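A short worksheet on the structure shown next.
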Amino acid sequence: MNINEIITAAKTLIIPDKVESYLSSILPKASWKEVIVNYSMFFIITLILSIISLLVRVFLSSLLGTAFGGLTTGATMGASSLVGGLIGVVISFVAIIVITIIGVLLLYLIAKFFGGKGSLLQQFYLLSVISVGFLPISIVLSLLMLVPCISCIALIGALVLGLYMIYVNYLMIKAAHSLSSSDALKAMVVYIVIVIIVVVILFAIIFLLGMASMLGLSALTASKPY
């Protein structure tokens, strides 16, 4: 997508009445080249925002450390925050790519189950356009979250945007797969339920692993001879 197409997408996707017709109109433009370009743009900008957020956190950690413990403490806290943050950024970046691909494939299979007629390419393309189209708003919200006094407002805005994007994805399913409103709604509900179940299972596994680690450490400490 060029800059004019991005602006058009950004303006149109925030108008509920125009979303479905817009997505249907750009469907003939679908190509794997466009998909790769759009998602590359999305992932790169997401990575840049993550790095900016990390640098702000490192700066604040160094500032707090210096204020309460001197330059040495500030430098130590800053370095620790930077190393941990970089690892987190890399893991998050890889996770976003993997989760995006799995999510698109899962939604495609569910749409097909309900009689979807679109191709994987068409769905990938429309989702890539949606991702890029919402980038301007996402960038603004991400930067506002770095400002302590208005971060809560930005978080509420992000939650509202997330809910609206569910509706946009519902319209995307209709446009990409020529589904009726009821079938598209069923597909979206099934997708959301599956995602929620997977997230709950993952959190449960992480919690149990954490508990097992803590119990193991406690047992080791208790058995340590004095």
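The values are calculated or read from the model by the stated rules, or taken from the named source; none is laboratory data. From a predicted model like this one, the values you see are computed outputs, not experimental measurements. Note that each Cβ is placed from the backbone with ideal geometry, even for glycine, and that neighbours are counted across all protein chains shown.
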*within 18 Å of residue 25 (Cα to Cα), touching a residue at least 60 places away in the same chain (Cβ under 8 Å) and of a type in the set (A, V, I, L, M): does that describe residue 121?*
yes
*Look through 103, 84, 65 and report the one residue that is assigned to a helix (DSSP H, G or I), within 21 Å of the chain's Cα centre (by Cα), at negative phi and modelled with pLDDT under 85.*
84
*From the list 90, 58, pick out the single residue that is among the aliphatic types (A, V, I, L, M), within 20 Å of the chain's Cα centre (by Cα) and either buried (at least 16 other Cβ atoms within 10 Å of the Cβ) or at pLDDT 80 or above (or both).*
90
*Kindly list, by first and then second residue, each pair from a residue in the range 1-28 that is acidic (Asp, Glu) to a residue that is surrounded by 13 or more Cβ atoms within 10 Å (Cβ to Cβ) and modelled with pLDDT of 90 or more, limited to pairs with Cβ atoms under 7 Å and residues at least 6 apart or on different chains.*
20/171; 20/174; 20/175
*Does residue 204 qualify as being at negative phi, modelled with pLDDT under 75 and either out of contact with any Phe, Trp or Tyr (no Cβ under 8 Å at 6 or more places or on another chain) or among the acidic types (Asp, Glu) (or both)?*
no
_Here are the criteria: (1) surrounded by 12 or more Cβ atoms within 10 Å (Cβ to Cβ); (2) closer than 16 Å to residue 137 by Cβ. Tell me which single one residue 16 does not satisfy._
(1)
_For the range 148-161, check the following and say yes or no: at least one residue is under 18 Å from residue 106 (Cβ atoms), of a type in the set (A, V, I, L, M, F, W, C) and surrounded by fewer than 16 Cβ atoms within 10 Å (Cβ to Cβ)._
no
_It is to be established whether one or more residues within the range 182-200 are over 17 Å from residue 103 (Cα atoms), without any contact (Cβ under 8 Å) to a residue 60 or more places away in the chain and surrounded by fewer than 14 Cβ atoms within 10 Å (Cβ to Cβ)._
yes
*Mind counting the residues in the range 1-31 that are touching a Leu at 6+ places or on another chain (Cβ under 9 Å) and acidic (Asp, Glu)?*
1
*Would you mention how many residues in the range 122-154 are under 14 Å from the mean Cα position of the chain (by Cα) and either of a type in the set (A, V, I, L, M) or modelled with pLDDT under 90 (or both)?*
9
*asked:* Only one of 146, 185, 163, 141 is over 18 Å from residue 119 (Cα atoms) and outside any helix (DSSP H, G or I). Can you tell me which?
replied: 146
*What tally of residues in the range 106-137 results from selecting those that are out of contact with any Leu (no Cβ under 9 Å at 6 or more places or on another chain) and assigned to a helix (DSSP H, G or I)?*
12
